[in-house]
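The values are calculated or read from the model by the stated rules, or taken from the named source; none is laboratory data. It should be emphasised that the depicted structure is a prediction, and the values quoted were computed from it without experimental measurement. A quick note on method: Cβ atoms are made from the backbone with ideal geometry, for glycine too, and the neighbour counts reach across all protein chains shown. Areas reflect the complete protein model, heavy atoms only, side chains present, ligands, DNA and RNA absent. Shrake-Rupley method; radii C 1.70, N 1.55, O 1.52, S 1.80 Å.
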2 protein chains.
Amino acid sequence: GTADEEEDAASIEDPWQDEEYYGSYGTLKLHLEMLSDRSRTETYRRVILSNSASLRNKVVMDLGCGTGIISMFCAQLAKPSAVYAVEASSMADYTGQLVKQNGCEDVVTVMKGRAEELELPQQVDVLVSEWMGNCLLFEFMVESVLVARDRWLKDGGVLWPSSAALTLVPCQASSYYAEKMSFWERPYGLDFTPLQPLAQQEFFNKPKFSHIIDPDDCLSAPCDVINMDMYALQVNDLEEMKGEFHFSMEKSGLFHGFTAWFSVHFESLETGGATVELNTGPNSEPTHWKQTLFMLDEPVSVFSGDSIAGTIALRRNPVWRRHMTVTLQWNINGQTEAADSSQVGRKSFPMWR
Amino acid sequence: GTADEEEDAASIEDPWQDEEYYGSYGTLKLHLEMLSDRSRTETYRRVILSNSASLRNKVVMDLGCGTGIISMFCAQLAKPSAVYAVEASSMADYTGQLVKQNGCEDVVTVMKGRAEELELPQQVDVLVSEWMGNCLLFEFMVESVLVARDRWLKDGGVLWPSSAALTLVPCQASSYYAEKMSFWERPYGLDFTPLQPLAQQEFFNKPKFSHIIDPDDCLSAPCDVINMDMYALQVNDLEEMKGEFHFSMEKSGLFHGFTAWFSVHFESLETGGATVELNTGPNSEPTHWKQTLFMLDEPVSVFSGDSIAGTIALRRNPVWRRHMTVTLQWNINGQTEAADSSQVGRKSFPMWR
Ligand SMILES: [Ca+2]
Ligand SMILES: [Ca+2]
């Protein structure tokens, strides 16, 4: 839509889409998906367990606690003095029951409400949250974490995760390309190529969430393009996050697009203690986030030793605050547009507006 | 919602949800899914091919033609005098291009519009359509076929499909039950059973579309519960379609629910010619419809030789005309409620309202 249309829409709808956003977390579907993600949930459990001694008598906030599982890990595996389990969706009504059922009610206090309107009896030593979305930032729950950090985290308090990175790799996606694009070439002996421009628009102009990339389809080693220090990050920084990449092809193949994923890191409460990592990439156990695929309009042949360099920008939608547009710009072997147009490109992918 | 709420909603919304319904067929996603379904598409191709001699000089209507593939099969595999390819969604704008691209424009005329408002230059000998939805009737496109039949099919003309059946089988669904219900028993060493009533409501009170049943999970031979003669069927019949079943268990196991699927049959244009069948059941090649699973609230143990008897009713929503409620009523070994409440049951499943 045009900017005018967006302003009109925003004036009658909620640009945070809170009803839709919190509504979806009021049903079990998403919570089951997250809890069934063993890689995700066990990582948070491991963070609590490996810091259990240091958590003794600490005050913890679990922001966007959902069913309260992280808070209950805290109560059962460590001896914090208090855990504030904060949840804005109607799941909070059940979280209290679960806390009681598991005998955690002396330690865990469930608080229903938004982080932005939160009132706590005291500041906290540890702020833990699972705020990550597709391509790390999607849905921008991270903003709530930053707001809670600034209001409720003690000086010297700890954030879990403590840092986050977005990782990118140029890749092949032959079967996805075949399924959505080559399909139209000769289905049942007919020529359906007039639909290919429509297919390109419909299937390749937005990222493909829930892609699972085979490590063999990575054309080079991946590259961290954005690094976020959760202590230094400011809400305003989220408006535009930029990064650069320089990949060196390790094999010849078809460059169909870029695949992105994220990792987050949990520092130890003890000086020198081991950092715990949750990595959602192709060499780790699959998570419910899977990976995110950004398709080029057309594949380009690349050869072992070729370089692909460029930039990525994540621009938050100025109206729809949970959405963003990812813009990728790249060249192969340092070519400029003038030389060979297949060797340079720029493409913007709304997620979702 | 209550009846009052539904009336309110209907007065401000379109109870046929045409914008949503035709809108979804204006994008490629659903058409790609249907075309990629080789079992479905090849069946229609086989029907045309096996009747190609008899189709010579016939007039054909292809209702809800989508990309026009059936019409183009007619033009390329037979010699009909005319094919009217009728499509209400905006896909019709592309269908004309595809018809030209494949050199079928002398035979195939694309007509954009709803079946109900259709004006044809002549009546037709054959009315072909792929109108089937989940559980056969969902979305009730069949009504458009009946309306077109009554207005445009010649006396003695042929309908493809000519008949349809809904098939049911009592089944196990252990992994689905484990994933959605047993999961809450002890995840990560915690007791999440307070969420089970919510899980039952959220996951088992509506049918599961896109279930794929393993033939080994069928507890007995399946049974056709509803048969539709496409010549005799009237629009009013669709308000309530009822059937009976009597299954004899061929193995012992857990009775988790019923699985439904459909088959349709295409009579030959030649007397005594072979009927072609499209069967979407577990013993046929999988289709994009897959099967539909209706879960009981709790599984019941059954034993080889046990009988499960009862009734099924598909009641069309009086307000939301593309929706229906499926009501299943059953007893095991002829028990009555008085004797043992686990041995009798009744459950209604909205699809979707
Ligand atoms: Ca999340
Ligand atoms: Ca259909």
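Which residue fluctuates the most in chain A, going by a Gaussian network model with Cα springs under 10 Å, if the choices are A:Thr167, A:Thr27, A:Thr287? Checking each option, the largest mean-square fluctuation is seen for A:Thr27.
In sequence order, segment B:205-216 has phi-based couplings of 8, 10, x, 8, 5, 6, 7, 10, 8, 6, x, 5 Hz under the Karplus curve 6.51 cos²θ - 1.76 cosθ + 1.60, θ = phi - 60°, and Gly or Pro positions carry x. Using the Cβ of B:Ser175 as centre and a radius below 13 Å, the other residues enclosed give a net charge of -2, where K and R count +1 and D and E count -1.
Starting from the label point of B:Arg38 at 7 Å along Cα→Cβ, the same points in the other copies fall at 3.4 nm, in ascending order.
Mind putting a number on the dipole of chain B about its Cα centre? Charges go on the C-beta only, +1 for Lys and Arg and -1 for Asp and Glu, and I need it in Debye to the nearest 20. Before the final figure, lay out each step's value.
On the way: 28 positive and 50 negative charges, 194 e Å.
The dipole magnitude comes to about 940 debye.
Accessible surface for segment A:135-250, divided over its residues, is 40 Å² per residue with a 1.4 Å probe.
Between the amide H of B:Gly281 and any residue lying 5 or more places away or on another chain, no distance stays under 5 Å, with hydrogens modeled in the peptide plane.
Evaluated at q = 0.06, 0.08 Å⁻¹, a Debye calculation over the C-alpha positions of the protein assembly as shown (equal weights, vacuum) places log10 I(q)/I(0) at -0.45, -0.80. Over all other residues within a Cβ to Cβ distance under 9 Å of A:Pro80, the charged ones net out to +2, with Lys and Arg as +1 and Asp and Glu as -1. Backbone geometry of segment B:96-113 corresponds, through the Karplus equation with coefficients 6.51, -1.76 and 1.60 at θ = phi - 60°, to 3J(HN,Hα) couplings of x, 4, 5, 4, 5, 3, 9, x, 9, 5, 6, 9, 9, 10, 7, 10, 8, x Hz, x marking Gly and Pro.
Once both labels are positioned 7 Å from their Cα atoms along Cα-to-Cβ, the gap between A:Asp340 and B:Trp352 label points is 4.8 nm. Counting only protein heavy atoms and a 1.4 Å probe, segment B:60-103 has 27 square angstrom of accessible area per residue.
Based on every Cα atom in chain A, Rg and the maximum pairwise Cα distance Dmax equal 22.2, 72 Å. Which residue fluctuates the most in chain B, going by a Gaussian network model with Cα springs under 10 Å, if the choices are B:Ser39, B:Ser52, B:Ser182? Looking only at B:Ser39, B:Ser52, B:Ser182, the biggest GNM fluctuation is shown by B:Ser182.
Exposure check, 1.4 Å probe, all protein chains in place: A:Ser268 carries approximately 20 Å² of accessible surface. Near the amide H of B:Met351, within less than 5 Å, lie the amide hydrogens of B:Met324, B:Thr325, B:Val326, all on another chain or at least 5 residues away, with H placed in the peptide plane.
In peptide A:94-101, what is the residue-averaged number of other protein chain Cβ atoms found within 10 Å of each Cβ? Walk me through the numbers on the way to the answer.
Working: counts 5, 2, 1, 4, 7, 1, 1, 6.
Whole-number average of other-chain Cβ neighbours for A:94-101 is 3.
Counts of other chain beta carbons within 10 angstrom of each beta carbon in peptide B:107-115 average 0. Mind checking which lysines have their C-alpha under 26 Å from B:Lys112, skipping anything on the same chain fewer than 8 residues away? Within the straight-line limit of under 26 Å, B:Lys112 reaches these lysines: A:Lys180, B:Lys29, B:Lys58, B:Lys79, B:Lys100, B:Lys154.
Comparing B:Glu244, B:Glu87, B:Glu179 in a Gaussian network model of chain B, where Cα atoms under 10 Å apart are tied by springs, the biggest mean-square fluctuation is seen for B:Glu179.
Report, to the nearest whole %, how much of the accessible area of segment A:1-149 belongs to carbon and sulfur atoms, 1.4 Å probe, protein only.
After summing per-atom areas, the C and S share lands at 46 percent.
Copy-to-copy label distances for B:Ser268, where each label lies 7 Å from Cα along Cα-to-Cβ, are 8.0 nm in order of increasing length.
Ordered by 1.4 Å accessible area with all protein chains kept, A:Cys223, B:Cys171 run largest first as A:Cys223, B:Cys171. May I ask for the distance between the Cα centers of segment B:166-245 and segment A:148-201, given as a whole number of Å? Using only Cα atoms, the two centres lie 33 Å from each other. Positive end of the dipole of the protein assembly as shown (Cβ unit charges, origin at the Cα centre): among A:Gly103, A:Phe183, B:Trp16, the Cα lying farthest that way belongs to A:Phe183.
To the nearest 100 Å², how much accessible surface do chains B and A cover up together, summed over both, with a 1.4 Å probe?
On the way: alone 16350 and 16340 Å², together 29250 Å².
Using a 1.4 Å probe on protein heavy atoms, the buried area is about 3400 Å².
Take A:147-153, B:111-117 and order them by the average number of nearby Cβ atoms within 10 Å per residue, most first; the result is A:147-153, B:111-117. The modelled label-to-label distance for the pair A:Lys242/B:Glu185, using points 7 Å beyond Cα in the direction of Cβ, is 5.6 nm. Interface burial in segment B:200-220 reaches 40 Å² or more for B:Glu202, comparing the full protein assembly with the chain by itself; accessible area from heavy atoms with a 1.4 Å probe. Peptide B:183-190 is shielded by partner chain Cβ atoms: per residue, an average of 5 of them sit within 10 Å of its Cβ. Here's how it looks for A:Asp306: its modeled amide H is under 5 Å from those of A:Met249, which are all 5 or more places away or on a different chain. How much net charge surrounds A:Leu219 when only other residues with a Cβ under 15 Å from its Cβ are counted (Lys, Arg +1; Asp, Glu -1)? With Lys, Arg at +1 and Asp, Glu at -1, the neighbours total -4.
Of the residues A:Phe138, A:Asn283, A:Phe262, the one whose Cα sits farthest towards the positive end of the charge dipole of the protein assembly as shown is A:Asn283 (charges of +1 on Lys and Arg Cβ, -1 on Asp and Glu Cβ, taken about the Cα centre).
Across segment B:176-181, rounded Karplus estimates of 3J(HN,Hα) from the backbone phi angles (6.51 cos²θ - 1.76 cosθ + 1.60, θ = phi - 60°) give 5, 5, 5, 5, 9, 10 Hz, Gly and Pro being marked x.
For segment A:162-303, report the convex hull volume of the alpha-carbon atoms normalised per residue, in Å³, without decimals.
Details: hull volume 20.4 nm³, N = 142.
Convex hull of Cα atoms, per residue: 144 Å³.
Placing a label point 7 Å from Cα along the Cα-to-Cβ axis, B:Thr193 is separated from the same position in the other copies by 6.4 nm, shortest listed first.
Carbon and sulfur together cover what percent of the accessible area of segment B:163-208 at a 1.4 Å probe radius?
That fraction is 46 percent.
For chain B, give me the percentage of DSSP beta bridges that are antiparallel, rounded to the nearest 5 percent.
Values: 57 of 75 bridges.
Restricted to chain B, the bridges split so that about 75 percent are antiparallel.
Note on chain B: helix-only mean residue ellipticity at 222 nm, from DSSP H runs of 4+ residues weighted -39500 (n - 2.57) and normalised by residue number, equals -7000 deg cm²/dmol. I want the antiparallel fraction of DSSP beta bridges within the protein assembly as shown, as a percent rounded to 5. Around 75 percent antiparallel, to the nearest 5.
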